[in-house]
1. Provide a single number: the residues in region 287-322 that are of a type in the set (Asp, Glu) and touching a Gly at 6+ places or on another chain (Cβ under 8 Å).
2. Of these, ASP296, ASP268, which one is among the charged types (D, E, K, R) and modelled with pLDDT of 95 or more?
3. Just to verify a result, which residue in region 86-102, among those that are assigned to a helix (DSSP H, G or I) and among the hydrophobic types (A, V, I, L, M, F, W, C), is surrounded by the most Cβ atoms within 10 Å (Cβ to Cβ)?
4. Being of a type in the set (Gly, Ala, Ser) and either in contact with a Lys or Arg (Cβ under 8 Å, 6 or more places away or on another chain) or surrounded by 17 or more Cβ atoms within 10 Å (Cβ to Cβ) (or both) is the filter here, so list the residues in region 12-28 that pass it.
5. Quick check on region 196-207. Is at least one of its residues closer than 27 Å to PHE305 by Cβ, β-branched (Val, Ile, Thr) and out of contact with any Asp or Glu (no Cβ under 7 Å at 6 or more places or on another chain)?
6. Can you tell me which residue is nearest to LEU65 (Cα to Cα) among those in region 1-42 that are of a type in the set (D, E, K, R) and either modelled with pLDDT under 90 or not in a helix (DSSP H, G or I) (or both)?
7. All but one of (1) over 17 Å from MET75 (Cα atoms); (2) of a type outside the set (Asp, Glu); (3) at pLDDT below 95; (4) surrounded by 14 or more Cβ atoms within 10 Å (Cβ to Cβ) hold for VAL241; state the number of the condition that does not hold.
8. Only one of (1) farther than 23 Å from GLU108 by Cβ; (2) assigned to a helix (DSSP H, G or I); (3) among the polar types (S, T, N, Q) is not met by THR71, so which one is it?
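The values are calculated or read from the model by the stated rules, or taken from the named source; none is laboratory data. Because the structure is predicted, anything quoted here is derived from the model rather than measured. Here the Cβ positions follow ideal geometry from the backbone for every residue, glycine too, while neighbour counts run over all protein chains shown.
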Amino acid sequence: MKNPRCNDLEQLLKDAERIKSLEIQGATNVAVNAISFLHNYAHRIGKNLSIDNLIDKLYEAREILFQTRATEPAMRNGLNYIMNKLEKERKSLSMNKLLEIISFSKNEYKNMLENSKRKIAEIGARRFPEIETANDFVVMTHCHSSIVNAIFLEAKKQNKTHFKVVATETQPRLQGRKTVNKLINAGIEVIHVVDSAMRWVVHNFDVDLIIIGADSITSEGTIINKIGSRLLALVAHEEHVPFYVATPLLKYNPQTSFGLLEKIEMRDPKEVWDDAPDNLRILNPAFETVSRRYIDGLISEAGIFAPSHIHNYFTKLYPDLI
C-alpha cells in the first residue's frame, strides 16, 4: 500500500509543475498560488507529524517551489513570510495553532499583494491627464502585467477616457495578447504591434508615457522584466519619453543586498521554434535587466520614487521580510 505522505508530496510536485510549465503565469498569480500550495501541503500532512518535523517538511516544500522559477521574488517573499512567522512561534505552538498561523499568514500576504495593487493603480492613474487634450494621450506597455493593467483600468474608472494603449505582442509566448484582450473588454482603445516595431511606434505615434511591470527588483534599483523591456527603455531614452516601472515592493529581492545575483531564466527552445532544424542552437531568455539610469521612477504602493531607494522603502514597509 502506498504511503499517504508520498501521495501528499506527489500532489505538491504536481502543483509545482503548474508553475514551472507556465500554466500559472504572472508574478502575482505565481506568488498567490505558491503560498496556497504550501498551505495546502501543510494541512494535508500536519496532523500526522510533530511540529519540528512539519516545519522541516515545509522548508523542503519551500525549496521545491523556489526551484520552479528562477526570477520570482514575490513568490519567494511570500513563502519566506509564512516560514518566518512559524519560526517566531514554533517553540510555543500546538499543531492546531501552527496550522492556523499558516492559514492566517497566507491570507495576510495575499491581502498585502491585493492592497499594493490597489494603491499602485490609484497612484499610477494620476499620471494620466485630467482633461481632454487636442490629441489622445498615448501610453505604451510591454508583455502582460496585472499591475499595469490595473493602472489603465483605474484611469478609465476615473473617467480619464481620452487615452489609448500601445501593447506589444511579446514573443515568443504572446503574453501581450492577454493585455490586449483585458483592455479591449474594458472598452479601452488598443493598438497592437510586433516587438520589433517598438522604436517605430514610439517615434510615429508620439507616445506620451511608457509603463511596464517587473518580475524582480535588485538592491541597486535594476529591474528584471520580460525580454524586450530593455529595448523599450532604450527607445524611451532616445525619444525622451518618460519610462516608469509599476511594481509592488514585494517583488524586491532583499538577498541582492548581500551580493546575490538574480538569475535570468532560460526557457524551452521549443517555445521559439517547435520543429526547428537539427543541430540549430536556439536561445530563449525569458527576462532581461533594465538599469535604473533608464527608469524615471518606480510606481509602488509607497509612492513614486527613484529605483535606487528600493531597499529603504522595502525595509520600512515590510520589516518581517528582512
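1. In the first step, residues of region 287-322 are kept if they are of a type in the set (Asp, Glu); the result is 288, 296, 301, 320.
If we keep only those that are touching a Gly at 6+ places or on another chain (Cβ under 8 Å) too, we end up with 288.
The qualifying residues number 1.
2. Details: ASP268 fails: modelled with pLDDT of 95 or more.
One residue alone meets the criteria, ASP296.
3. Start the filter on region 86-102 by keeping residues that are assigned to a helix (DSSP H, G or I), which leaves 86-92, 95-102.
Subsequent filtering for residues that are among the hydrophobic types (A, V, I, L, M, F, W, C) retains 86, 95, 98-99, 101-102.
On the way: LEU86: 19, MET95: 14, LEU98: 20, LEU99: 17, ILE101: 19, ILE102: 24.
Result: ILE102.
4. Here is the first cut: in region 12-28, the ones of a type in the set (Gly, Ala, Ser) are 16, 21, 26-27.
Those that are of a type in the set (Gly, Ala, Ser) and either in contact with a Lys or Arg (Cβ under 8 Å, 6 or more places away or on another chain) or surrounded by 17 or more Cβ atoms within 10 Å (Cβ to Cβ) (or both): ALA16, GLY26, ALA27.
5. First, pick out the residues of region 196-207 that are closer than 27 Å to PHE305 by Cβ: 198, 202, 207.
Those left that are additionally β-branched (Val, Ile, Thr): 202, 207.
Checking which are out of contact with any Asp or Glu (no Cβ under 7 Å at 6 or more places or on another chain) leaves us with 207.
Yes - at least one qualifying residue is present in region 196-207.
6. The first filter runs over region 1-42 and keeps only residues of a type in the set (D, E, K, R), leaving 2, 5, 8, 10, 14-15, 17-18, 20, 23.
From what's left, either modelled with pLDDT under 90 or not in a helix (DSSP H, G or I) (or both): 2, 5, 23.
Values: LYS2: 24, ARG5: 18, GLU23: 14 Å.
Only one residue tops the list, namely GLU23.
7. All conditions pass for VAL241, except number (3).
8. Exception for THR71: condition (2).
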